[in-house]
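Engineer: The following block contains the structure, expressed as structure tokens.
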Amino acid sequence: MTYCVGMVLDRGLVLMSDTRTNSGVDNISVFRKMFHWSVPGERIVALMTAGNLATTQAVISRLEERTKTPEERSHSLLGVPTMFQAAVETGKALREVVLETQEENGEQGRGRFTASLVLAGQIKGMEPRLFLIYPEGNFIEASWDTPFFQIGETKYGRPILIRGYDRNLGFEDAVKLMMVSFDSTLKANLSVGLPLDLMVIGRDAFAPTHYKRIEASDPYFESISSGWGNALRQAFHSLPPYSFDLETELKE
């Protein structure tokens, strides 16, 4: 399992992913799940992956090869005219890999080699855009009603994002919000783990505005983790006390 979040703000895009893959509790590895391609001054396209590792690596390899093959340049992430078309081509690549792998493995492979992707980026003259791509290759786009997407182990960190998100957030506060979301997920699920990859893409920057790998020893992430835990305990103790006689008191 994994956990990735992509978020749209007025100022641009913020992406964060973990790096843990596991096949059982005694076989845990670190693999990058965030990738990006860019043409300075013209476009940047980023992708985060969750699901079967062989499937996601095959998709990334296909997309990477297209950027290097002249005859396929028009269908590559560096050649398509819009981010919508980038989502279409990425969805096709994912669907092809999933179907091919399932066919090779017969009935035993059905439902086992799936993956989900978050695609984000901006092409010059257009708005920053964010897409969630399903294993079937179809996708949906983020909007101000649904301004962030999660893939992987989503349930533990989602309440944090829902309560804390605001489209006017600065990048620094958005990163802090994501770190709290990831900390909550890390505490609850061993299949998500450090290090984390963070990328901020400013509007009209067409390159990563900020990129960082957050290791287990990162002092800021440690302060976020401990500070959030202390804040939750203080908030809990500040709530009105429950009394077994509360219903009687209210009636009186």
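The values are calculated or read from the model by the stated rules, or taken from the named source; none is laboratory data. Note that the structure is predicted; figures quoted are calculated from it, not measured. Please note: Cβ atoms are built from the backbone with ideal geometry, for glycine as well, and neighbour counts cover all protein chains shown.
Engineer: Quickly run through region 129-164 and pick out the residues that are farther than 23 Å from Thr101 by Cβ and touching a helix residue (DSSP H, G or I) at 6+ places or on another chain (Cβ under 7 Å).
Structural biologist: Passing the criteria: Arg129, Phe148, Gln150, Tyr156, Gly157, Ile160, Leu161, Gly164.
Engineer: Something else about it: Run down Glu96, Glu107 and say which single residue is assigned to a helix (DSSP H, G or I), at pLDDT below 95 and surrounded by fewer than 15 Cβ atoms within 10 Å (Cβ to Cβ). Give the steps one after another, and end with the answer.
Structural biologist: Details: Glu96 fails: at pLDDT below 95.
Within the list Glu96, Glu107, the selection yields Glu107.
Engineer: Looking at Phe31, Phe35 in this structure, which one is touching a helix residue (DSSP H, G or I) at 6+ places or on another chain (Cβ under 8 Å), free of Cβ contacts under 8 Å to residues at least 40 places away in the same chain and over 12 Å from Leu119 (Cβ atoms)?
Structural biologist: Details: Phe35 fails: over 12 Å from Leu119 (Cβ atoms).
Phe31 is the lone residue from the list that is touching a helix residue (DSSP H, G or I) at 6+ places or on another chain (Cβ under 8 Å), free of Cβ contacts under 8 Å to residues at least 40 places away in the same chain and over 12 Å from Leu119 (Cβ atoms).
Engineer: When the residues of region 1-29 are filtered to those that are over 22 Å from Pro128 (Cα atoms) and over 16 Å from the mean Cα position of the chain (by Cα), which remaining residue is modelled with the highest pLDDT?
Structural biologist: Ser29
Engineer: Further question: Anything in region 53-99 that is basic (Lys, Arg) and farther than 17 Å from Ala115 by Cβ? List them, or say none.
Structural biologist: Arg66, Lys68, Arg73
Engineer: Any chance region 15-24 includes a residue that's of a type in the set (Ser, Thr, Tyr) and without any contact (Cβ under 8 Å) to a residue 60 or more places away in the chain? Can you show your working first?
Structural biologist: Quick first cut of region 15-24, residues of a type in the set (Ser, Thr, Tyr) only: 17, 19, 21, 23.
Checking the rest, the ones that are also without any contact (Cβ under 8 Å) to a residue 60 or more places away in the chain come to 21, 23.
Within region 15-24, one or more residues are of a type in the set (Ser, Thr, Tyr) and without any contact (Cβ under 8 Å) to a residue 60 or more places away in the chain.
Engineer: Of the residues Ile162, Ile60, only one is β-branched (Val, Ile, Thr) and under 16 Å from Ser38 (Cα atoms); which?
Structural biologist: Numbers: Ile162 fails: under 16 Å from Ser38 (Cα atoms).
Exactly one of Ile162, Ile60 is β-branched (Val, Ile, Thr) and under 16 Å from Ser38 (Cα atoms), namely Ile60.
Engineer: Across region 122-149, what is the total count of residues that are of a type in the set (Val, Ile, Thr), surrounded by fewer than 20 Cβ atoms within 10 Å (Cβ to Cβ) and in contact (Cβ under 8 Å) with a residue 24 or more places away in the chain? I'd like the intermediate steps shown before the answer.
Structural biologist: Residues of region 122-149 of a type in the set (Val, Ile, Thr): 123, 133, 140, 146.
Now narrow it down to the ones that are surrounded by fewer than 20 Cβ atoms within 10 Å (Cβ to Cβ): 140, 146.
Narrowing further to those that are in contact (Cβ under 8 Å) with a residue 24 or more places away in the chain: none.
Residues that pass the stated criteria total 0.
Engineer: Follow-up question, since we're still on this one. Restricted to region 110-121, and to residues that are in a loop (DSSP other than H, G, I, E, B) and in contact with a Ser or Thr (Cβ under 8 Å, 6 or more places away or on another chain), which residue is surrounded by the fewest Cβ atoms within 10 Å (Cβ to Cβ)?
Structural biologist: This residue is Thr114.
Engineer: Of all residues in region 180-214 being farther than 25 Å from Gly125 by Cα and among the acidic types (Asp, Glu), which is surrounded by the fewest Cβ atoms within 10 Å (Cβ to Cβ)?
Structural biologist: Only one residue fits best here, namely Asp197.
Engineer: Before we move on, is Arg43 closer than 16 Å to Phe206 by Cβ, of a type in the set (Lys, Arg) and surrounded by 20 or more Cβ atoms within 10 Å (Cβ to Cβ)?
Structural biologist: Yes: the conditions hold for Arg43.
Engineer: Further question: Which of (1) within 30 Å of Asp145 (Cβ to Cβ); (2) part of a loop (DSSP other than H, G, I, E, B); (3) under 16 Å from the mean Cα position of the chain (by Cα) does Arg32 not meet, given it meets every other one?
Structural biologist: If we test Arg32 against (1) within 30 Å of Asp145 (Cβ to Cβ); (2) part of a loop (DSSP other than H, G, I, E, B); (3) under 16 Å from the mean Cα position of the chain (by Cα), just (1) comes out false.
Engineer: Consider only pairs whose beta carbons are under 7 Å apart and that are at least six residues apart or on different chains; among these, list those whose first residue lies in region 158-169 and is charged (D, E, K, R) and whose second residue is surrounded by 15 or more Cβ atoms within 10 Å (Cβ to Cβ).
Structural biologist: Arg158/Gln150; Arg167/Leu9; Arg167/Pro147
Engineer: Sticking with this structure for a sec: I'd like to check something: does region 68-83 contain any residue that is buried (at least 24 other Cβ atoms within 10 Å of the Cβ) and β-branched (Val, Ile, Thr)?
Structural biologist: No - not one qualifying residue is present in region 68-83.
Engineer: Restricting to region 1-29, count the residues that are in a strand (DSSP E or B) and not basic (Lys, Arg).
Structural biologist: Looking only at that region, the number is 17.
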